[in-house]
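All remarks here apply to the structure that follows.
The values are calculated or read from the model by the stated rules, or taken from the named source; none is laboratory data. The structure presented is a predicted model; accordingly, all values stated were derived computationally and were not measured. We place every Cβ from the backbone using ideal geometry, glycine too, and count neighbours over all the protein chains shown.
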Amino acid sequence: MKAVVYEEYAPDDDYARILQVKDLDEPKPKSNEVVFEVKAAALNYNDIWGMRGQPVAVPLPHVSGSDAAGDVIAVGDDVRDIQVGDRVVSHSNMACRVCKACTDGREFDCTRRTIWGFQTGPTWGAYQEVTHLPEVNVSKIPESVSYDEAAASSMTLLTSWHMLVGRAKITPGQTVLIMGGGSGVGSFGIQIAKLYNCDVIATASPDKLDKCIELGADYAVDHRKEDWHKEVWAHSKEIAKRKGEAPGIDISFDHIGETHWNKQLTLLKYGATLVSCGATTGYDAHTDLRHIFFKGTNILGSTQGTKAEFDQGLYWMGQGKIKSQIDSIYSYEQAAEAHTKMLTGKGLFGKILLKSQG
């Protein structure tokens, strides 16, 4: 079978130098595993970290990819709920399933968890024609959802659902700020907030604002402007006037980090929540503590999520209430170009997919 493999790191982000399409042996299932033919896989930023060899030195040789969807072609002897022929999508959070956090339903807090396709290997990820996972790490794809849509939802839908539903405890009628609405997690964040009948203000670069509105955002703001937060505040005042309540944001959904952090804090209502899953602009954020203790602000971290949460999101995808946003599709031979596009983010809206051309 074909796979996209690298055997050395590229700290200079020269992906073309290290990425190769190679032939590997097809995997055989362990007793608890399913083997599936990969119909579509999606890129994540952890692919970049892996190729850089930092902040985690991933196993070499390496096959990246944490999001994969396809058809089951073999199952292990102990597999019970998945059968040959099932359409499945990966759940990449590989927790131990036996520690206190896991048995308490918090597999995202498992200290022994790894991210499939990032920390696993050698040569074990989504960017290969046939791959394998434990039964507990795949979900069935609803009939109305395509392989492409499923692959594009895997990590980002889970992350967004856990942020808003699992951590921030979103409730109908709230005013929600979605930072970076043009990203994979941001596009799902907009849709989840609208599923809960919330008023949504999204931020994005200028070329993505209309698409945020198309996804359901009530307002879209250019977050590259120095005073972007003033525009968000003005929109929150319009919403508040209509509702007859105080202006401001109930939940701020963040994965941007350093450059926009403190201005988000200024926008929050008393007792509001900022939930963060990442820091693409940097982690050394300035924080004016008065916006936290004086307003009783909740600051929540969020990483990955549970398989049950992923299945909840997939259910709503099956109902047509949430849709994956797919930016573009590349072949294995174009893997370096695909990852470069993700790194630069230029013109990117939604997920990039990688597929074998056979």
Report summary line: Of LYS22, LYS28, the only residue that is charged (D, E, K, R) and farther than 15 Å from GLN334 by Cα is LYS28
Query raised in the report: Applying the selection to the range 154-207, what residues are within 21 Å of VAL221 (Cβ to Cβ), among the hydroxyl-bearing types (Ser, Thr, Tyr) and under 14 Å from the mean Cα position of the chain (by Cα)?
Result: SER160, SER183, SER187
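Condition check ((1) out of contact with any Leu (no Cβ under 6 Å at 6 or more places or on another chain); (2) without any contact (Cβ under 8 Å) to a residue 60 or more places away in the chain; (3) not assigned by TED's automatic domain parsing to the domain that holds CYS277) across all residues:
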residue: ALA42; (1), (2), (3): no, no, yes
residue: MET51; (1), (2), (3): yes, no, yes
residue: GLN83; (1), (2), (3): yes, yes, yes
residue: GLU107; (1), (2), (3): yes, no, yes
**Report entry** Residue that is modelled with pLDDT under 95 and at negative phi, where the choices are VAL56, VAL63, VAL34
**Finding:** VAL56
Report task. Provide a single number: the residues in the range 168-193 that are out of contact with any helix residue (DSSP H, G or I) (no Cβ under 9 Å at 6 or more places or on another chain) and over 12 Å from SER252 (Cβ atoms). Result -> 3
Query raised in the report: Can you find even one residue in the range 303-321 that is surrounded by fewer than 16 Cβ atoms within 10 Å (Cβ to Cβ), in contact with a helix residue (DSSP H, G or I) (Cβ under 7 Å, 6 or more places away or on another chain) and closer than 24 Å to LYS194 by Cα?
Result: yes
Requested in this report: From the list TYR270, TYR283, pick out the single residue that is at pLDDT below 95 and among the hydroxyl-bearing types (Ser, Thr, Tyr).
Outcome: TYR283
Report summary line: Subset of the range 178-225, residues farther than 20 Å from ILE352 by Cα, among the small types (Gly, Ala, Ser) and not in a helix (DSSP H, G or I), comes to ALA202, GLY216, ALA217, ALA220
Report summary line: Note on the range 333-358: residues buried (at least 22 other Cβ atoms within 10 Å of the Cβ), out of contact with any Lys or Arg (no Cβ under 7 Å at 6 or more places or on another chain) and not in a helix (DSSP H, G or I) are GLY350, LYS351, LEU353, LEU354
Requested in this report: Kindly indicate whether any position in the range 168-177 is assigned to a helix (DSSP H, G or I), in contact with a strand residue (DSSP E or B) (Cβ under 8 Å, 6 or more places away or on another chain) and either of a type in the set (Lys, Arg) or closer than 30 Å to GLY105 by Cα (or both).
Outcome: no
Report task. Pull up the range 13-61, narrow it to residues that are in contact with a Phe, Trp or Tyr (Cβ under 6 Å, 6 or more places away or on another chain) and under 23 Å from ASP71 (Cα atoms), then point me to the one that is surrounded by the most Cβ atoms within 10 Å (Cβ to Cβ). Result -> ALA41
Query raised in the report: Does GLU149 satisfy being among the acidic types (Asp, Glu), under 16 Å from the mean Cα position of the chain (by Cα) and under 27 Å from SER252 (Cα atoms)?
Result: yes
Query raised in the report: Out of all the residues in the range 200-207, is one or more touching a residue at least 60 places away in the same chain (Cβ under 8 Å), touching a Phe, Trp or Tyr at 6+ places or on another chain (Cβ under 7 Å) and of a type in the set (A, V, I, L, M, F, W, C)?
Result: no
